1. Give the nm distances, rounded to one decimal, from A:K78 to the matching residue in every other copy, measuring between label points 7 Å along Cα toward the beta carbon; shortest first.
2. Which of A:G197, A:W152, A:F271 sits farthest toward the positive end of the charge dipole of segment A:151-307, with +1 on the Cβ of Lys and Arg and -1 on the Cβ of Asp and Glu?
3. Just for chain B, what percent of DSSP beta bridges are antiparallel, to the closest 5?
4. P(r) for segment A:143-191: what percent of alpha-carbon pairs falls in each 5 Å bin, starting at zero?
5. Set Lys and Arg Cβ to +1 and Asp and Glu Cβ to -1, take the dipole of the protein assembly as shown about its Cα centre, and tell me which of A:M126, B:L224, A:F184 lies farthest positive.
6. With +1 on each Lys and Arg Cβ and -1 on each Asp and Glu Cβ, and nothing else charged, work out how big the dipole of chain B is about its Cα centre, in Debye to the nearest 20.
7. Identify, among B:V71, B:T5, B:N51, the residue whose Cα sits farthest towards the positive end of the charge dipole of segment B:1-139, taking +1 on the Cβ of Lys and Arg and -1 on the Cβ of Asp and Glu, with the dipole about the Cα centre.
8. Of the listed pairs A:K205/A:K251; A:K161/A:K199; B:K23/B:K275; B:K63/B:K259; A:K142/A:K249; A:K162/A:K205, which have alpha-carbon separations greater than 20 Å here?
Protein chains: 2
Amino acid sequence: MSLITFGSMAFDAIETPFGKTDKIIGGSAIYAAYAASHLVKPIYQISIVGNDFPAEEMDELTKRGVNLEGVEIVPDKKSFFWSGKYHLDMNTRDTLVTDLNVLADFNPVVPESYQRAEFLMLGNLMPLIQISVINQLKERPKLIVLDTMNFWMETAMEDLKKVLSMIDVLLVNDSEARFLSGEFSLVRAAKKILLMGPKYLIIKKGEHGALLFHESHVFFAPALPLEDVFDPTGAGDTFAGGFIGHLAKTKNISFDSMKTAIIVGSAMASFCVEKFGPQRLKEITKEDIDIRLAEFVQLVNFDIDLV
Amino acid sequence: MSLITFGSMAFDAIETPFGKTDKIIGGSAIYAAYAASHLVKPIYQISIVGNDFPAEEMDELTKRGVNLEGVEIVPDKKSFFWSGKYHLDMNTRDTLVTDLNVLADFNPVVPESYQRAEFLMLGNLMPLIQISVINQLKERPKLIVLDTMNFWMETAMEDLKKVLSMIDVLLVNDSEARFLSGEFSLVRAAKKILLMGPKYLIIKKGEHGALLFHESHVFFAPALPLEDVFDPTGAGDTFAGGFIGHLAKTKNISFDSMKTAIIVGSAMASFCVEKFGPQRLKEITKEDIDIRLAEFVQLVNFDIDLV
């Protein structure tokens, strides 16, 4: 039941049509760890922070079963900082500031105690660093899930192709799937991407849900229709954490188990967007999650008679 | 088991990234009738055509159980003609030509033999004409379904509001729901629209599926992920025909029955887009439809364990 979550731990400053924050906690590995910690413990975190990352946040993660031995703390630098502004549709955003800070020369080291982890979640970062983490593991994990983004497709495609050949599940959004494959039809895009290495492909479509492709199979998971999306930041990372958290919990990596895992990931993401930052992921209880999962069942459940 | 389908019977000339047609058969009542005829017979059609509408098409409809007594044939005028060009994403299109022709002074008359129909599908046309059809029915149908579009929201909102207060189920797409309600969130939009008259609201999201709202309930039906969408023309009307066809067949207008009806409508629409015009709707068999319905079950079926 051992899960490694790799990615950024950062500060974000976010502006949405509903409000604005100063620097708050963010980063792909933060969202993934908080989401997964509701499902499985311990979680082995690999990341990097500067001298400004709050001790209370580290304590909170530790309390939730997140092992921080793999989180490097750089004493004379600042944590990664991102600032962005969402458009009215909440699906598109402008990046206002990207201060790499500690990320600029991040060279992750996998602690000895993390070896033999069965599940590896590689959050969105430079493909070469993702490859380094895989290569440091003496035993290949049972399942490697990779998140990436269009930036790496535009600037580091060869490295990205290499890491794609090393992983099991790829998470991208619809425009990234189109860019990566050169196909507009998501079905055609999926076929091409599944030839690049991953055996499973999840295409995230934001408020329109997510598609899971594997061989000739396809599964569609809706997003819960929400009255308000308050802050979409971290929703994809939260989805990833819920997804791999469910798989690590059940140790079942069949297609059917992945379908359930996508619903769990979608449920987690539906909480994430309700408040700024990872706040809601800290507040929710087992009961909240169960109620939301039941809402997903209601949302898509139907009886069919043949004609 | 009597169903009235009301709307246009027309010629379309369509250009898509995949090809181009000369004038082919189209119109909302054509698509709705072909789709519904796979589920229920007879179908009572109300529409208007000119002297140019092919006799073979009328024969084909009759053969499929579509009663054409309510279709007015104007001897000295031409049928409605629409020409449009789809963009690469197939979700947006430009209208190139709209020749109203016979539609310009369409004054539908409901034949006596159509009275006491239990199901009424009002395809997209001027709201005043839709109202006229409702008012001519001596007994209110068990279920009235209305399709409309943003054009009427911009040019005839008062009439549209009147017809909204007379119907049971409203079909609109996502941008129309937003326009009609003034709300961006579809959940908020649905709440407002359900106060305008309809007890059920279906928001069509094209390739992203459809949402059904009723009181506090919501159901999400995916669209089948397709390798190619060849021609989206008529997909919404086909969806409507499949939806009301299923309800008329089962005579069950519960929320659960509507969920199934949406899946049937989505299945019908998935055939429609495979070829130009209503061609595929003429070709498919009961077996084709059953296979596709089973694909929809596979597409969304999952098991859930609570956390």
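1. 6.8
2. Toward the positive end, the furthest listed residue is A:G197.
3. Bridges in chain B are about 40 percent antiparallel.
4. 5, 21, 30, 30, 13, 1
5. My answer, from the dipole projection, is B:L224.
6. Result for chain B is approximately 840 debye, rounded to the nearest 20.
7. Of the options given, the answer is B:T5.
8. Table pairs above 20 Å Cα-Cα are A:K205/A:K251; B:K63/B:K259; A:K162/A:K205.
The values are calculated or read from the model by the stated rules, or taken from the named source; none is laboratory data. Keep in mind the model is a prediction, meaning the values are calculated, not measured. FYI the Cβ positions are ideal-geometry reconstructions off the backbone, even for glycines, and counts take in every protein chain you see. All accessible areas refer to the heavy atoms of the entire protein, side chains included, with ligands and DNA or RNA removed. Shrake-Rupley method; radii C 1.70, N 1.55, O 1.52, S 1.80 Å.
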